[in-house]
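The values are calculated or read from the model by the stated rules, or taken from the named source; none is laboratory data. Only a predicted model underlies this, so the values are computations on that prediction, with no experimental measurement involved. Methodologically, a virtual Cβ is constructed for each residue, glycine included, from the backbone with ideal geometry; neighbour enumeration extends over all protein chains shown. Note: areas computed on protein heavy atoms with side chains; ligands, DNA, RNA excluded. Shrake-Rupley method; radii C 1.70, N 1.55, O 1.52, S 1.80 Å.
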Amino acid sequence: MTRKKGNRTEGSAYNLPGAREETDGRHFHDDVLAHADYHLTYDNSLKHSNSTNQRGTNFVRHSTRSLFGKFECLQCPWAWTSGKICVEIWFSRNPDRYSTRIHSQKCCKCETYAEPQLDTDSYTTKLVDAFDLWKGLRERREPNDEFRETPPHHPDRCHGCLVGVCEQSSRKSKNWY
């Protein structure tokens with residue numbers, strides 16, 4: 001049985017609009033609200049915050065998560081899966097506000113950015129899990145050993161790697177967490 005969550009049916013995938021290098025995650029907000037046990041506001045301005053004072057009320061936490069999804073190139077008939085779709089998350093507790101940025105990947109056939117199709121449940125679960133940790137509602141857990149096997153990650157085609165924020169990037173600064 002499927003349940004209705006936000007604007008989509010639980011377990012469904014959501015196609016991101018267009019084939020850009022990165023996409024704002026606002027269109028998942030209703031699903032995140034349906035999954036969280038508290039109110040959250042989507043605030044796109046958090047992406048532009050330079051707050052580093054962890055004790056201040058305006059501190060903005062930034063992190064990345066890898067999600068499973070599929071890509072279908074809009075320019076050629078190529079499609080692939082990835083377990084490393086880079087999603088950046090910003091979160092502030094004053095009040096509970098957040099923002100996300102979803103990074104695209106380039107097609108290996110024609111080198112144009114392709115549109116990710118993310119699993120809504122995976123996206124909302126990973127976000128709310130991070131918020132629960134940052135709000136002090138749960139303890140840090142050991143990494144989960146369960147995973148879906150996907151083709152190797154290609155840092156030269158991942159926009160998150162190219163800008164140095166993907167968990168798989170050798171360019172990633174250790175200051176992001």
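How do Trp78, Trp90 rank by accessible surface area computed with a 1.4 Å probe, from largest to smallest?
Numbers: Trp78 95, Trp90 15 Å².
From most accessible down to least: Trp78, Trp90.
With θ taken as phi - 60° and the coefficients 6.51, -1.76 and 1.60, list the Karplus ³J(HN,Hα) couplings across segment 162-167 in order, rounded to whole Hz; mark glycine and proline as x.
For segment 162-167, the Karplus-derived couplings read 5, 9, x, 10, 5, 4 Hz, x marking Gly and Pro.
D for segment 71-173, whole µm²/s, Stokes-Einstein with Kirkwood Rh over alpha-carbon pairs at 25 °C and 0.890 mPa s: what number?
160
So for each of 122-131, 150-159, 36-45, 107-116 I average, over its residues, the number of other beta carbons within 10 Å; can you give me the resulting order with the highest mean first? Intermediate values should be presented prior to the final figure.
On the way: 122-131: 19.7, 150-159: 15.4, 36-45: 13.6, 107-116: 17.9.
Those peptides, ordered most packed to least, come out 122-131, 107-116, 150-159, 36-45.
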